[in-house]
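The values are calculated or read from the model by the stated rules, or taken from the named source; none is laboratory data. Predicted model, so just to flag it, every value in this text is computed and none were measured. Cβ placement follows ideal geometry from the backbone for every residue including glycine, while neighbour counts extend to all protein chains displayed. Note: areas computed on protein heavy atoms with side chains; ligands, DNA, RNA excluded. Shrake-Rupley method; radii C 1.70, N 1.55, O 1.52, S 1.80 Å.
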Amino acid sequence: MTPTMWICIAVVYPLAALMFRLRYRHAERIPATGPVLVVANHVSILDPIACARLVFDSGRLPHFLAKESVFKGFAGTLLRGAGQIPVARFSSRAHGALDAARADLEAGNVIVIYPEGSVTRDPDWWPMQARTGVARLALTTEAAVLPVAQWGPQRVHDYHLKKLRPRFRAPADYLVGEPVDLTTLRAEVRAGRPLTGDLLRETTDLLMSRVRDGLAELRGEPAPSVFYPRPQRELPGDVSGSAA
């Protein structure tokens with residue numbers, strides 16, 4: 001483990017403990033070894049703090065895909081040194097981030113990705129339509145693909161209202177779903193099936209539907225049958241994760 005990762009843990013671990021009362025369901029589904037692609041919904045800019053604890057508490061070190069804009073100054077140096085991966089969205093360099101994430105998975109690490117690219121715009125906090133970078137990673141690696149639903153960080157920072165509501169140990173719930181079986185699709189891709197837009201969209205929606213099902217279980221509410229439309233352009237203040 002790098003010194004910068006130790007620094008990140010020293011900051012994130014107690015901060016998450018103060019901010020959130022973390023409650024996990026099926027965290028044992030995160031493998032102790034080997035490549036893992038964690039696919040999560042996005043409800044708050046604070047999600048990575050709580051989700052990092054989920055991965056830490058499972059005995060693994062998380063590497064996040066995040067927007068290049070957060071990799072500035074000293075914080076950027078720490079993030080890069082801790083293995084986090086910047087994404088230059090809306091540019092040709094975005095594919096470089098996917099290549100870096102693929103290499104990280106091939107090295108046996110844990111990648112956490114928010115396929116929505118930013119906090120959901122759904123007014124009821126259900127997942128919005130996701131970007132397809134997650135499908136490229138899922139179909140071209142042998143990583144265990146785990147859908148993870150999270151619910152609670154939005155109570156501390158409400159992205160929709162742009163309000164921070166500081167609370168001590170606010171409930172934050174996580175449900176780790178069963179690994180998504182992509183054996184057949186991966187075999188077809190290895191045999192030469194092209195990664196068409198339709199295949200990437202189909203796979204992305206499959207993964208996010210599993211996340212949405214987990215969120216419905218956490219909330220005890222029925223999920224909508226369709227994904228909320230994603231915004232046509234990035235909005236000021238968008239600083240959270242990216243799926244490229």
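Couple of notes before you dig in:
- With all protein chains modelled, accessible area of Y114 [1.4 Å, Å²]: 0 Å²
- Among S58, S118, S225, the largest mean-square fluctuation in a Gaussian network model of the chain (Cα springs under 10 Å) belongs to S225.
- Using the average count of surrounding beta-carbon atoms within 10 Å as a protection proxy, the listed peptides 212-219, 36-43, 164-171, 126-133 rank, highest first, as 36-43, 126-133, 212-219, 164-171.
- Helical content alone sets the calculated 222 nm signal of the chain at -11500 deg cm²/dmol, taking -39,500 (n - 2.57) per DSSP H segment of four or more residues and averaging over every residue.
- As a fraction of the 1.4 Å probe accessible area of segment 124-209, surface on carbon and sulfur atoms comes out at 51 percent.
- Residues D205, D99, sorted by accessible area with the largest first, give D99, D205 [1.4 Å probe; ligands and nucleic acids excluded].
- R186, R210, reordered so the largest accessible area comes first (probe 1.4 Å): R210, R186
- Size descriptors for segment 122-244: radius of gyration and Dmax over Cα atoms are 16.2, 52 Å.
- Counting only protein heavy atoms and using a 1.4 Å probe, the accessible area of L22 comes to about 40 Å².
- Normalised by the number of residues in the chain, the average gap of Cα pairs under 8 Å and 6 or more apart makes the relative contact order 31 percent.
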